[in-house]
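Okay, structure first, notes after.
The values are calculated or read from the model by the stated rules, or taken from the named source; none is laboratory data. This is a predicted model, so every value here is computed, not measured. So basically every Cβ, Gly included, is an ideal-geometry build from the backbone, and we count neighbours across all protein chains shown. Heavy atoms of the whole protein, side chains included, go into the accessibility calculation; ligands, DNA and RNA do not. Shrake-Rupley method; radii C 1.70, N 1.55, O 1.52, S 1.80 Å.
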Amino acid sequence: MLLKGARAREIKDSRGEKTIEVEINGCKASSPSGKSKGRYETPSFHKSLKWNVDFINKTKFDIEIDEFNDLGKVEKFIKQKAKLKNVREFGANALYAFESAMLKAIAKEKGKELFEIVSEGKTIDKIPVPVGNAVGGGVHSHNKEHPTFQEFLLIPKEKNVKNNVRIMKEVYSKIGRLLKSKVKNDEGAWQTNLDDEEILEILKKFNNVNVGVDCASSSFYCDGEYNYKNKKLDRETQIHYINSLIKDYNLLYCEDPLEEEDFKSFSKLKKSEKNMIVGDDLTVTHIDRLKRAIKMRAINAIIVKPNQNGSLLELKKIFEICKKHRIKTIMSHRSGETMDDALADYAVGFQADFIKCGIATKWREVKLRRLVEIEKIV
Ligand code: PEP
Ligand code: MG
């Protein structure tokens, strides 16, 4: 098909913040936005959201696009037209929404599903396991008294997605009752003033889910110290503490347990098949930081957020590198989400091991529903 032009407009995400939606041949795609952003993430827009909207609306493309790798032609064109050294300078939110709309348009033209365009005809061996944020803390909290860690995650143990989603929702509701919480944060996770270990004590009672945490440590780290609600830990004691939490609470998943500059300390954490040390702010979905993390044995799993990078071609490379080095992959939403459900297609198309897209609220539920739908198709 010939990509002639695209339409872009400003929309609001689930937090009411401005982001971008792009429409190509009747196919709409949008970008979410984060609150606990990594220092090295690609900025969301080039000069401003308005600049990107104007650029997309005014540009005549005239590019033949038929398959995933044609994103290369579009990235080259954008780079030249906008006079950029690297296409990511276009802004990750703008680039991701544009590329995603383009892939949706190709899928529509060919009568295929989006995940089939992304997988480029390769067999779909697995449907990613959902990882759901049940209890929230850190910078995602609205209440003053809150847990230090940002997310307390449920990872259901069933083989099929439909059952996993059901289990996750059931456990999430039970946790809400146990916490006596009626308030939810931006992502729909329960709010509480309990501390981290009190929450983990509750979560460990459920046999049908594995437990994970996103510590988002950079958000409570300052000048060599990790500042908890009730204690301060230096680098070495933080490593020790995280290793003991993994053991005591049988954590399958531990995201950003150390601050985003400290690759060296990440490499000192115990890792095994049964415990994932996950990079998010550390790796920010960037190839160079992933390579550095692999070289230093800093992680054995990585969060992949399309709008931390912007380029879906780079995401493809990231998945290839991870497969080669046996790094588990978690395709992830942002705390400020849109109603776009394409994340599920990218998770399946790139064959991610997990998908972190929340549990409750309509913005999260559309992605889970799409995942269940894909499971029926493949
Ligand atoms: C995260 O840290 O994993 C996350 C989803 O946060 P945000 O989207 O706020 O950056
Ligand atoms: Mg994170």
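Answer yes or no: is there a residue in the stretch 360-374 that is free of Cβ contacts under 8 Å to residues at least 60 places away in the same chain and either among the acidic types (Asp, Glu) or not in a helix (DSSP H, G or I) (or both). Talk me through it step by step, then tell me what you get.
Just the residues of the stretch 360-374 that are free of Cβ contacts under 8 Å to residues at least 60 places away in the same chain, to begin with: 362, 365-367, 369-370, 373.
Now restrict to residues that are either among the acidic types (Asp, Glu) or not in a helix (DSSP H, G or I) (or both): 365, 373.
Scanning the stretch 360-374 turns up at least one residue that is free of Cβ contacts under 8 Å to residues at least 60 places away in the same chain and either among the acidic types (Asp, Glu) or not in a helix (DSSP H, G or I) (or both).
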Considering the stretch 330-352, residues that are touching a strand residue (DSSP E or B) at 6+ places or on another chain (Cβ under 6 Å) and farther than 15 Å from Glu373 by Cβ, and then whichever is nearest to ligand 2 (Cβ to nearest atom), we arrive at Ser332
Matching residues in the stretch 137-157 - criterion: being near ligand 1 (Cβ under 10 Å from one of its atoms) and either under 12 Å from Gly358 (Cβ atoms) or not in a loop (DSSP other than H, G, I, E, B) (or both):
Gly138, Val139, His140, Glu151, Leu153
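Pull up the stretch 241-256, narrow it to residues that are within 16 Å of ligand 2 (Cβ to nearest atom) and open to solvent by less than 20 Å² (accessible area, probe 1.4 Å), then point me to the one that is farthest from Leu200 (Cα to Cα). Explain how you work it out, then say what you get.
Start the filter on the stretch 241-256 by keeping residues that are within 16 Å of ligand 2 (Cβ to nearest atom), which leaves 242, 251-256.
Add one more test, that the residue is open to solvent by less than 20 Å² (accessible area, probe 1.4 Å), and what stays is 242, 251, 253-256.
Working: Ile242: 13, Leu251: 9, Tyr253: 13, Cys254: 13, Glu255: 15, Asp256: 17 Å.
Among them, the one singled out is Asp256.
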Output for the stretch 76-95, where each listed residue is more than 14 Å from Asp54 (Cα to Cα) and part of a helix (DSSP H, G or I):
Lys76, Phe77, Lys79, Gln80, Val87, Arg88, Glu89, Ala92, Asn93
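Considering only the stretch 38-62, state which residues are in a loop (DSSP other than H, G, I, E, B) and farther than 20 Å from Tyr346 by Cβ. I'd like the intermediate steps shown before the answer.
So the first thing to find is which residues in the stretch 38-62 are in a loop (DSSP other than H, G, I, E, B), and the list is 38-48, 59-62.
Correct list: Arg39, Tyr40, Pro43, Phe45, His46, Lys47, Ser48, Thr59, Lys60, Phe61, Asp62.
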Failed condition for Met339, given (1) open to solvent by 10 Å² or more (accessible area, probe 1.4 Å); (2) in a helix (DSSP H, G or I); (3) over 28 Å from Arg297 (Cβ atoms), with all others met?
(2)
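Residues Arg297, Arg289: which one is in a loop (DSSP other than H, G, I, E, B) and away from ligand 1 (no atom under 14 Å from the Cβ)?
Details: Arg289 fails: in a loop (DSSP other than H, G, I, E, B).
Just one listed residue meets the conditions, Arg297.
Does Leu203 count as open to solvent by less than 60 Å² (accessible area, probe 1.4 Å) and closer than 17 Å to Ser265 by Cβ?
Working: open to solvent by less than 60 Å² (accessible area, probe 1.4 Å): yes; closer than 17 Å to Ser265 by Cβ: no.
So Leu203 does not fit the description; no.
Looking only at the stretch 16-47, which residues are open to solvent by 50 Å² or more (accessible area, probe 1.4 Å) and away from ligand 2 (no atom under 16 Å from the Cβ)? Before you say what the answer is, go through the steps one by one.
From the stretch 16-47, those open to solvent by 50 Å² or more (accessible area, probe 1.4 Å) are 17-18, 25-26, 28, 35, 37, 39-40, 43, 46-47; that's our starting set.
Across the stretch 16-47, the qualifying residues are Glu17, Lys18, Asn25, Gly26, Lys28, Pro43, His46, Lys47.
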Selected residue (criterion: farthest from Ser332 (Cα to Cα)) from residues of the stretch 272-310 that are crowded, with 24+ Cβ neighbours inside 10 Å and hydroxyl-bearing (Ser, Thr, Tyr)
Thr283
